[in-house]
Each structure stands twice: as structure tokens, then as C-alpha cells.
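What follows is a short report on a single structure.
The values are calculated or read from the model by the stated rules, or taken from the named source; none is laboratory data. These figures come from a predicted structure and were not determined experimentally. Virtual Cβ from ideal backbone geometry, glycine too; neighbours counted across all protein chains shown.
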Amino acid sequence: MASARLQDLTESSSNVNWPQWRGPLATGVAPGAVPPIDWSETRNIRWKVQIPGHGSASPIVWGDKVFVLTAVETGEAGESDEGFFGGLRRRFTGGVRASEIQRFTILAIDRHDGRVVWERTARAELPHEGRHGTGSWASPSPVTDGEVLCAFFGSPGLYCYDMDGTLLWERDFGDMTIRMGFGEGASPALYEDSIIVLWDHQGQSFITAVNKTTGVEQWRTERDEITSWATPLIVEYGEGAQVVTSATNQVRGYDVTNGRLLWEGDGVTMNAIPSPVAADGITYLMSGYRGNQLYAIDLANARGDITGSDAIAWSIDRDTPYVPSPVLSGNILYLTKSNSSVLSAYDAQSGRRLYGPQRLPGLSNLYASPVAAAGRLYITDRDGSTLVIEDGPEFNILTTNTLDDGFDASPAVVEGEIYLRGQQYLYCIATD
């Protein structure tokens, strides 16, 4: 049976909290929320506040607070230890090198008025590697269960606070070596008393679980994997739960209690970024860089090597996303094509295409992942526009809304509110 603790937590909080990357169900859906359908800089903005520094970490919400991670330039130059060969390597990659020490910061913001309730600096240092030109040094999203708040900055470390901002513990896993110097981005997952961290890079990759109250490592499993940016997904199935990971070499499932490998199969594409989603015993893994791949994996049949087996319920090899993650709303799986404003919708059980690839008028390139609430799908682009369409088997546009900011972070949706973290501001969009 499913974890009683997680089930109770989800049922009691899913309508009022957005506790992690991709929301309470990790599907991009906000159950019970009824957010606005239209807004502008002068309409349905409860507040907007400037966020110092830069980050593409998506906000999370618990109770009366919104939590945001950011990296703030200090104006202080740091010493680089990259040496001659490190500098030579950087010349031939796409990474942007930091010239100033960054303050890796957590902000707790009041939901009602946007004031900063508390602010903590986890660490201040010069990042050891670069980032993508459109990325940030604060890309992973935080996670909470209402007891602890976990902030992960990748190589700068994992930090766990209580809800009032008191540091409980911190953990340093070392330094990643990221492909092309493009920076780090996978968010942690939280399940019962375990924080799951995926550490895929060009060195020895691994997945690990640490205790949420002590930071003590519970298990670690090495992975034959290159850099990926996909957040691990916890799926409850049968008598237990497993951690599902998407990556280039292999897709895999692990026992959440001990890290034992349960199944594995052919990987997705290079630069695996989209996070898996799951419902009704099927997990969906995909990516779309230098190729296209989506697998719908039936966990009832997933044992050992699943390549070419009946564990693959269905698959496609076109029109899959590069950066944005999919949305699984009811029995409809929505995904965008690469980073373009093109959407497809599939019957999640059968893989039958419902519509698409459908051009999304008024939108440019996408990094933010779509979200669903109140029978609507919200799709936000990098130039500040959000297209609202019907959540259903037919494509129907409802509204288009534009703000004076650009958005790479994905929205958080709670009750009657949408929280949009832009390049400069955090917006609270609400009708009151």
C-alpha cells in the first residue's frame, strides 16, 4: 500500500501548498486551485517584489510563505583555481564563468504582501565552473514538507532549515564537472525522512538519500551516467516506493529505502532535462535534444532490463521537450516540442495523439514548464507572455497575458494565486 504519511500529507496540503518542483503531485497540476485566467501589470497583480541576484529556481509555497533561491553577486572578485587547462577547456565550451563571488541565498516571502520574512545566505563563494548563457547558479528548486526546508545549490551544497530559517545541517557532496560547463540544475526530492539527490556529471555519478533531520547519508548508489539535469521522481507503487530517474545512458528505477536498482532501460537523449511524471502505475520519461524520445513505462512489468520489453507501454520519437517538463493532468499528457512554442497532447494510457504539434500563437521560446489548474493549462514563455488554454482533448485558447519581465522559472499555483518568478521580480497574481 502507499505510504500513509505521504498520502495524508498530499490530501491535506495539495490544495494549499506547492511544496516542490512540479507541485504537490509532481505532475505540474494544482489540485483544487482556481487561479486567475487573465492579468497584466495593472490587473490582478496582488504584489510584485524585486528578487536580488539571479536564479531560475522555481518558487515553492507552504502555508503563508513563498520560498525562493537566488545567487547574488557580491561585487567581490574571487580567486579561480581552474589553472591553464581549466581556462583552455572553458574556451571551447558554452559555459559563462563567474567573475564575482556569489551569495547563495534563500528568501522566505510573505504570501499576503510580498515582504521578506527571513533571508539566509547558505554559502558565499566563486563558482568553480561556468553556467549556460541563459542559466543561473541558483537553478535547483527547494523542497519542503512543512517540517524542513531543503535548499540545494548543487556543488555549493545542500542546506536544511526549519520553517523559521534556523539552519539544521548542511552537506557538501564535492564539485561536479558539468558537460559543456552549462551549470547544474536537478532539484532534490523529499520522501518521508529522506532527501534524494541526483548527482549526474562527467565524473563518478551517483544517487543518494540523506536523512532530512540529521543530514546523515542513508544510502548511495553509483551510476554509469553523464551529465543530466532531470529531477528524480518518487513513485509509490504496490507495497513500496521507487525513485525514477531519466538520463542519457539509461532510465532507471531504484528502491527508495536502500537505493537498490529495480529496473533500467535505454536512455533518452543527450542533455536530459525534463523531469519524469507518473500516475496510475505508468511513468513517463522524455527529452528532446539532438533527437526525440519518450517512454511510457508500466511499473507492473518493470523488472531488470526493460529494453524492448512489455514494460514499455508506448513510446514516441518526435516532438519531445528539451528544457520544459511535461504536464500530466488526468489522462492527458501535455508536452512541448524542444524549447519552441509548439504543444502536443496525448492520451496518457494509450499514447494516442489528441492534438498537435500545435503552434501556440503569441508565445516565443519556452524554458518554464506548463502548469494545470481549474480545467486550464498555463504556458509561460521567456518574453513574459502566458497563454491560457483549455485542459482537455481539444485545443482551445482562452486568454493571453503579458508582463514586463522574462520567465525561465516555472509557475507555482496555490488556491487562487499564481507565483511567477521572473528575471527581476516575483509576481503574485490573484483576483483580490
Do we have G154 as over 21 Å from the mean Cα position of the chain (by Cα) and on the phi > 0 side of the Ramachandran plot here?
no
So Y367, is it buried (at least 23 other Cβ atoms within 10 Å of the Cβ) and either under 20 Å from the mean Cα position of the chain (by Cα) or not small (G, A, S) (or both):
no
Scanning for something among the β-branched types (V, I, T), more than 24 Å from L149 (Cα to Cα) and crowded, with 24+ Cβ neighbours inside 10 Å, does segment 251-258 turn up at least one residue?
yes
Can you find a residue in segment 149-171 that is closer than 30 Å to V16 by Cβ and either of a type in the set (V, I, T) or modelled with pLDDT under 95 (or both)?
yes
Given the structure, is A138 in a loop (DSSP other than H, G, I, E, B), assigned by TED's automatic domain parsing to the domain that holds I106 and within 17 Å of the chain's Cα centre (by Cα)?
yes
Would you mind finding the one in G356, G422 that is more than 17 Å from the chain's Cα centre (by Cα) and either within 16 Å of P59 (Cα to Cα) or among the small types (G, A, S) (or both)?
G356
Can you spot a residue in segment 285-298 that is surrounded by 19 or more Cβ atoms within 10 Å (Cβ to Cβ), at positive phi, touching a Phe, Trp or Tyr at 6+ places or on another chain (Cβ under 8 Å) and assigned to a loop (DSSP other than H, G, I, E, B)?
no
